[in-house]
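Chemist: Okay, here's the structure, questions in a sec.
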Amino acid sequence: MGQIANLIPRLIDNPKLILNRLYYTATGTSVGDLRDRIEDYRETFNTLLEMSRRAGDAVRVLPLDSFLDAHRYTNEAEELAALFNAYGSDKATKHNYHLVYAELLGARKNDACAILEIGLGTNNTQIRSNMGAHGKPGASVRAFRDWGKRFMLCGADIDAKILFSEERIRTYHVDQTDPATLAELALKLAPLKFDLIIDDGLHMPWANLNTLNFALPLLAPDGAFVIEDIVDEYIPVWNVIAKFIPADYAFELIKCKSESVCIVRKRMA
Ligand SMILES: C[S@@+](CC[C@H](N)C(=O)[O-])C[C@H]1O[C@@H](n2cnc3c(N)ncnc32)[C@H](O)[C@@H]1O
């Protein structure tokens, strides 16, 4: 009894200790042991890959053509492609993503849409997923800004040296591998809701997953979160993740010119 009385003030002073003790009571494993065993996020993804091999009913990867359906926005897509090319983004030339974005936003091109893109296109070759020494940071956000004359663009990147602000564009620092920086970014962006959020950053599933978690609450009704450059090797991971997407979002995988994109759309209320 005396021992418990001594313990209670310590527990109340330290909420983490309470959580650790609850976890131990529920699982019989201490949080400290867990930390020793989990060396790397990658192991978690290897486990997901294993699980997805066993899970049936994989999400079908749709060809781009069936996603485009009636090709209603060909002119808008061509206009966007020209802007991507002029500013130095490879979204159209290498990937055909101009077709995806015209399909998603072509009908709302004259509205005051809000777009957030993670990955501005650094030219620092020491940073992963860079655009090469001659890359042009900000290329894609500038292209979207010019395409939709009333669009408001936000961008974010791990490279603080390439941040800038100009007409209808604001940019922020973020590290997709660190959920705390994504949470800080969400606070800075509040209360804005986005019609389109793009993950064109690190292109690794663990970073994508953090970004997915951050992005879904920020989507406006009918808004879409697009994860670019998903290589075939990681498609099984997305088949597992698809099973965790809440019912009020639609989940699609689309095979584009080189890699695939994952599109998570918030359904209209
Ligand atoms: C392919 S480039 C983006 C290209 C640009 N969207 C365009 O179309 O012109 C990828 C960007 O992701 C950024 N990046 C890499 N790791 C990141 C991370 N952990 N968090 C946020 N951004 C990251 C890089 O600095 C780089 O600017």
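Coordinate-derived values only; no laboratory data. Bear in mind that the values here come from a model prediction, so they are computed numbers and not experimental data. Positions of Cβ are backbone-derived with ideal geometry, glycine not excepted, and every protein chain shown enters the neighbour counts.
Chemist: Apply the Karplus curve 6.51 cos²θ - 1.76 cosθ + 1.60, θ = phi - 60°, to the phi angles in region 218-228 and return the couplings in whole Hz, x for Gly and Pro.
Modeler: 8, 7, 6, x, 6, x, 10, 10, 10, 9, 8
Chemist: With 25 Å as the limit, write out which pairs from LYS109/LYS266; LYS91/LYS255; LYS149/LYS193; LYS109/LYS243; LYS149/LYS255 have Cα-Cα distances beyond it, or answer none. Let's see the in-between values first.
Modeler: Values: LYS109/LYS266 19 Å; LYS91/LYS255 14 Å; LYS149/LYS193 18 Å; LYS109/LYS243 32 Å; LYS149/LYS255 29 Å.
Violating the 25 Å Cα-Cα cut-off are LYS109/LYS243; LYS149/LYS255.
Chemist: Among 151-162, 193-204, 249-260, what's the highest-first ranking by average C-beta atoms within 10 angstrom per residue?
Modeler: Values: 151-162: 20.6, 193-204: 22.2, 249-260: 17.4.
Most protected by this proxy first, the peptides run 193-204, 151-162, 249-260.
Chemist: When the Karplus curve 6.51 cos²θ - 1.76 cosθ + 1.60 is applied with θ = phi - 60°, which whole-Hz ³J(HN,Hα) does each residue of region 71-83 get, with x for Gly and Pro?
Modeler: Running phi through 6.51 cos²θ - 1.76 cosθ + 1.60 with θ = phi - 60° gives 6, 5, 10, 4, 5, 4, 5, 5, 4, 5, 4, 4, 5 Hz.
Chemist: Quick one: which residues, 5+ away or cross-chain, put their amide H under 5 Å from the amide H of LEU116? H built at 1.01 Å from N.
Modeler: The list, which skips near neighbours in sequence, is CYS154, LEU196, ILE197, ILE198.
Chemist: With θ set to phi - 60°, apply the Karplus curve 6.51 cos²θ - 1.76 cosθ + 1.60 along region 152-157 and write out the HN-Hα couplings as whole Hz, x wherever there is a Gly or Pro.
Modeler: For region 152-157, the Karplus-derived couplings read 10, 10, 10, x, 8, 7 Hz, x marking Gly and Pro.
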